[in-house]
Amino acid sequence: MAEFETIQVEVVNKVAYATMNRPEKANALNGKLWFEIADLAKWADSTPEVRVLVLQGAGKHFTAGIDFELIMQVMGETAHLPDGHKQEALRGKIIDLQSAFTALENCRKPVIASINGSCIGGGIDLITACDIRYACSDAKFSVKEIDLAIVADIGTLQRLPPIVGEGMARELAM
């Protein structure tokens, strides 16, 4: 069985239940959790005993989205660079973040998002990379990037239109 620091995994009847386990932070996606999601997807893909991966959040929320700690880390790693170099380094960081969720999309096993409470910002990027999304009646969704005047560039803009339709995706993103 795979060991993760921020994700608890239990396999029952060939179903891997993976719980993002940062309830004190509403399962906000810090760097560790973000990249463990990629490792989780690769593990599920390569583990014959796993037929399905179910991703869920511990506590009252699926995820509050990207943890500001991760944003500050990325900005800190690029802030000292001159213009041009800074933008190129930031582009590389965004590609790394995108690839973590693309690992879910590339998993050959079905990946199901089981959504409770809030699913905000980066959480939308995350669930759109899953094959199926099921939500509790109390679930709330928000493309939070629009409130911060940033682009939802980790996957929402690419993956959301086929799920909810082009017009609805544009409305949510604008």
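The values are calculated or read from the model by the stated rules, or taken from the named source; none is laboratory data. Owing to the predicted nature of the structure, the values given are computational and were not obtained by experimental measurement. In this analysis, Cβ positions are derived from the backbone assuming ideal geometry, glycine residues included, and neighbour counts consider all displayed protein chains. What goes into the accessible areas is simple: the full protein's heavy atoms, side chains included, and nothing from ligands, DNA or RNA. Shrake-Rupley method; radii C 1.70, N 1.55, O 1.52, S 1.80 Å.
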When the label point is put 7 Å from the Cα of residue 142 along its Cα-to-beta-carbon vector, which residues of the range 24-50 have a backbone N closer than 17 Å?
25-29
Rounding to the nearest 20 debye, state how big the charge dipole of the chain is about its Cα centre with +1 on each Lys and Arg Cβ and -1 on each Asp and Glu Cβ.
360 debye
Bin by bin, in steps of 5 Å, what percent of the Cα pairs in the range 1-47 do you find, going until the bin that has the longest distance?
5, 22, 33, 22, 12, 5, 1
Carbon/sulfur accessible area of the chain, % of total, 1.4 Å probe, equals 55 percent
14 Å Cα cut-off, lysine pairs counted over the chain (separation 8 or more, or different chains):
4
Helix-derived mean residue ellipticity, 222 nm - over the chain, DSSP H n ≥ 4, -39500 (n - 2.57), to 500:
-13000 deg cm²/dmol
Cα pair distances of the range 49-111 binned at 5 Å [whole percent]
4, 14, 16, 18, 16, 13, 10, 6, 3, 1
For the chain, list the DSSP H helices whose alpha carbon atoms reach 24 Å or more along the long axis and whose average Kyte-Doolittle value is -1.0 or above?
85-106
Rel. contact order, % - alpha carbon contacts under 8 angstrom, at least six apart, the range 1-91
30 percent
The chain - accessible surface per residue (Å², probe 1.4 Å):
53 Å²
For the chain, what does the convex hull of the Cα positions come to per residue, in cubic angstrom?
118 Å³
Round to a whole angstrom and tell me the spacing of the C-alpha centers of the range 1-49 and the range 66-110.
20 Å
Once amide H atoms are placed 1.01 Å from N in the peptide plane, what residues at a sequence separation of 5 or more from residue 54, or on another chain, have their amide H within under 5 Å of its amide H?
16, 17, 18, 112
Which residues qualify? For residue 135, with a placed amide H closer than 5 Å and at least 5 residues away or on another chain, they are 115
